[in-house]
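Inspection log for the structure reproduced underneath, given as structure tokens.
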Amino acid sequence: MARISDNYISAWGDEAYVEDETIRSLLGSLGYDTSSDKKLLKSAQKKHKKDVLEPVQVVKDSEQPVEIALNLGVTARESEFSWRLVTEQGEILEGYLQSQIVRDERAEGGPLVFELPNLPWGYHKLFVSRKRRKTPYEMTLIITPKSCYKQGSLEKSKKLWGPSVQLYTLRTPHNWGIGDFGDLKQLVAEIASRGGDFVGLNPIHSLFPANPEGASPYSPSSRRWLNIMYIDVSSVPEFALSAQAQQKVGSAEFQLRLKKVREEHRVNYTEVATLKMSVLPLLFEEFKVRHLEKATERAATFLSFVEKGGDSLIHQAAFDALHARLHKEDSSIWGWPVFPEKYRKFDSAAVQKFIEENAELVQTYLYLQWIADGQINEAQKLAEERGMSVGLYRDLAVGVASSGSESWADNGNLVLDASIGAPPDIFGPLGQNWGLPPLNPQVLQATGYDAYVKLLRANMKHCGALRIDHVLGLLRLWWIPEGKGAADGAYIYYPVEDMLAILALESHRHQCSVIGEDLGTVPDEIVDILADAGIHSYKLFFFEVAEDGGFFSPAHYKEQSMSALCTHDMPTLRGFWHCDDLKMGKELGLYPDQKQLVKLYGDRLECKQEILNSVAWHGYLPSGVGRDASLVPMDSYLSEALQLHLASGSSALFSVQLEDWLEMDKPVNIPGTVDEYPNWRRKLSMSLDEIFSKEQVNRIAKQLTQVRAEARNS
């Protein structure tokens, strides 16, 4: 009933079993009474007792009328019931049950089923009234398309390419030590002018402005709001009007600090946050005086944004304001679990009092979210103006940090005494615990998927595609009970068909195509489900290996996919080829077993040889590059050959990394490390101006555009 699986197929292909203790613990987290078998059964019966009308029903668009099941006793008379449907568009349809019954299965313990006429896509409300009953039964009825949206160019089989970047790694002479939305606009313009159709981003979710070293984009404070450190301060309209801000930034000391933080090879998050947060509040002051106090049109736009943001935006702003205040008093306060007791819940009296007494500080953070939202919107608008088919593609992290605003203000959507991760596999023999509390699938259904819908809407704004990290999580997630090791978890299944159908609806509404990161242990049952839902699969060249060790031809990749050589979780092309990841892994103690390391080196050489064989066979290996992998280095010729080989394939989308254009060797992230390596900090080795003035970069961009056009016609 709880959809906890007591076994699974491990990464080694064996059947693995889950301990009873793990299952009992997870049942407790889901709200079952596990104190005795008898009480457990009683609480399960109560929890799963069917309502007369289910709280939600999701129906994929079809020619057939919509069937609704009523869970009624045999004695209930059909003549006592009527229905009323209010569509999302405000249209009202009504009728009597008796005239629309299609099946009565009550005698066999089943439901009484009636049908509704065909309905448009959307979120509708169905009310079923019964004589002598004061309140009607209620259901959210969601009608969705069959599959996700695709841009016209994708429907016409155009082959697109673009870079996937970690925004913070971008360098320009005018940013404040971290890539920002202004740099993103420059990158969009550069790529569009060279024939690229998208720019992929790391998750740009809100992090922790008061604890800037908590920098992982995959452990956000909230997935609904933006990282305000990406604001391009100098482009905020109030910056040009604020004498105080101009004076501060123009001072010799400030300019010196900016110069230093720009020149550093890693993002110095603490210094970036200090510089930005010493100026951004001054811009809010200017906005308040010039606009809020005079009720201008700009003020009205801001207030409308705040109103639309609702409770979730207030949670974010209040959290950031309170965290900033507490961190100022005690720099060891990294998140709400170490807030003073009275502040550990958003709805506590102390927090409400803080919001009231510090209204201006809270409003500053509302303003910063509005500014960030406007700037990312400008980047997408620019992409559209420059003729990019997709423009930005955003990245949705798999969960939120247990110490951030979303878990602090949670009202039951999250399970706070469990976290998600992955069972043991070849690369992580102990499993992984990501420290992210999961969404409760039972609450999702009971609330008509409200939190999920809002999450998708927030992330499909201002972009042409959304990449869903660990898309397999829509089918099942590996839950780990609090205080247990990552291996002591179990898979909990989610209502995948409903969630994919809602994803399709929101994708059409936002004209946003979907890419699903489906790497790792992929259960067979999800492959076709994702394909039918119109989700682009992820094809990583190095993983597309046949049983004999040879590489699949990119011409045989599924069209509905995005192909790439490397990702942010892998070594760069150069790092992979020169085994820098293995050398670094040894230094960091990731491979304590010398025998294992020797085998990894042997496997890598075989892999490289197969790559050379495959690229040569397809005619993409330049004549000057050798054929013996033990002697061939990764240089610009081989790098280019690999990119063109993959770009010539059948994937609809092809993604490159700027790191590989620059022949960089250091990775941006080493999975499985926390303090051992400076993850999420390494910048690009050159500024955007320098990158796009390089002859080699312009050559590869031109060739990619050409090869992708040829791939479409082949």
Would you mind working out the accessible area per residue for the chain, using a 1.4 Å probe, and quoting it in Å²? 44 Å²
Once the mean 1/r over all distinct Cα pairs of the stretch 131-172 is inverted, what Kirkwood radius in angstroms do you read off? 16.6 Å
Label points 7 Å out from Cα along the Cβ direction at Gln244 and Tyr637: separation in nm? 6.2 nm
Just from its helices, what would the mean residue ellipticity at 222 nm be for the chain, if runs of 4 or more DSSP H residues each count -39500 (n - 2.57) and the sum is divided by every residue, rounded to the nearest 500 deg cm²/dmol? -11500 deg cm²/dmol
Taking N as the number of residues in the stretch 352-486, what value does Rg over Cα atoms divided by 2.2 N^0.38 Å take? 1.29
Considering only protein heavy atoms and a 1.4 Å probe, what is the carbon-and-sulfur percentage of the accessible area of the stretch 186-245? 53 percent
Given R₀ = 45 Å, what would the calculated FRET efficiency be for Lys134 paired with Tyr493, taking r from the Cβ atoms and rounding to 0.05? 0.75
Write down the Kirkwood hydrodynamic radius of the stretch 1-106, to one decimal in angstroms, obtained as one divided by the mean of 1/r over all alpha carbon pairs. 18.3 Å
Where does each of 442-449, 125-132 land if you order them by average Cβ count within 10 Å, highest first? 442-449, 125-132
Enumerate lysine pairs in the stretch 81-163 that are 8 or more residues apart or on different chains, then count those whose Cα atoms are under 25 Å apart. 7
Once the other residues with Cβ under 14 Å from the Cβ of Leu119 are scored (Lys, Arg +1; Asp, Glu -1), what is the net sum? -4
Dipole magnitude of the stretch 201-344 about its Cα centre, charges +1 at Lys/Arg Cβ and -1 at Asp/Glu Cβ only, in debye to the nearest 20? 100 debye
For the stretch 410-550, count all C-alpha to C-alpha pairs, find those more than 22 Å apart, and express that count as a whole percent of the total. 45 percent
Out of every Cα-Cα pair in the stretch 257-302, what percent are more than 14 Å apart? 59 percent
Percent of all alpha-carbon pairs of the stretch 53-137 at distances over 19 Å, whole number, is 37 percent
Whole-percent carbon and sulfur share, accessible surface of the stretch 479-584, 1.4 Å: 48 percent
For the stretch 518-594 and the stretch 641-686, what is the separation of their Cα centres, given in Å? 13 Å
The chain: equivalent-ellipsoid semi-axes (sqrt of 5 x gyration tensor eigenvalues, Cα, Å): 42, 34, 27
Determine the gain in length on full extension of the stretch Lys50-Val527; use 0.36 nm per residue of separation and subtract their C-alpha separation, reporting nm with one decimal. 168.6 nm
In debye, nearest 20: dipole of the stretch 99-189 around its Cα centre with unit charges on the Cβ of K, R (+) and D, E (-)? 280 debye
Take each of the peptides 45-54, 461-470, average the number of other beta-carbon atoms within 10 Å over its residues, and list them starting from the highest. 461-470, 45-54
Over all directions, how big on average is the projection of the convex hull of the alpha-carbon atoms in the stretch 547-610, in square nanometres? 5.6 nm²
Ignoring ligands, DNA and RNA, how do His556, His124, His174, His618 rank by accessible area with a 1.4 Å probe, largest first? His556, His174, His618, His124
The pairs in Lys539/Lys702; Lys558/Lys608; Lys248/Lys288; Lys46/Lys345 lying past 21 Å Cα-Cα in this model are Lys539/Lys702; Lys558/Lys608; Lys46/Lys345
Restricted to the chain, the DSSP antiparallel beta bridge percent, nearest 5, is 60 percent
Here the gain from full extension of Asp6 to Phe542, 0.36 nm per residue of separation minus their alpha-carbon distance, amounts to 189.7 nm
So, R0 is 25 Å and r is the distance between the beta-carbons of Gln445 and Val74; what FRET efficiency does that work out to, to 0.05? 0.40
How much of Arg84 can a 1.4 Å solvent probe reach, expressed as accessible area in Å² and rounded to 10? 90 Å²
The stretch 266-325, accessible surface, carbon-and-sulfur percent (1.4 angstrom probe): 52 percent
For Ile426 and Glu285, extending 7 Å from Cα along the Cα-Cβ vector and measuring point to point gives, in nm, a value of 5.9 nm
At R0 = 22 Å, how high is the FRET efficiency between Glu329 and Ala359 if r is their beta carbon distance? Nearest 0.05 is fine. 0.65
With N set to the residue count of the stretch 231-336, report its C-alpha Rg divided by 2.2 N^0.38 Å to two decimal places. 1.24
Reported to two decimal places, what Rg/Rh ratio describes the stretch 629-714 when computed on Cα atoms with Rh from the Kirkwood expression? 1.03
Given charges of +1 on the Cβ of Lys and Arg and -1 on the Cβ of Asp and Glu, with all other atoms neutral, how large is the dipole of the chain about its Cα centre, in debye to the nearest 20? 1360 debye
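The values are calculated or read from the model by the stated rules, or taken from the named source; none is laboratory data. On a predicted model such as this, the values are computed, not experimentally measured, just so you know. Using ideal geometry, Cβ is built from the backbone for each residue, glycine included, and neighbour counts are taken over all protein chains shown. To get the accessible areas, we keep the full protein, side chains included, count just its heavy atoms, and leave off ligands, DNA and RNA. Shrake-Rupley method; radii C 1.70, N 1.55, O 1.52, S 1.80 Å.
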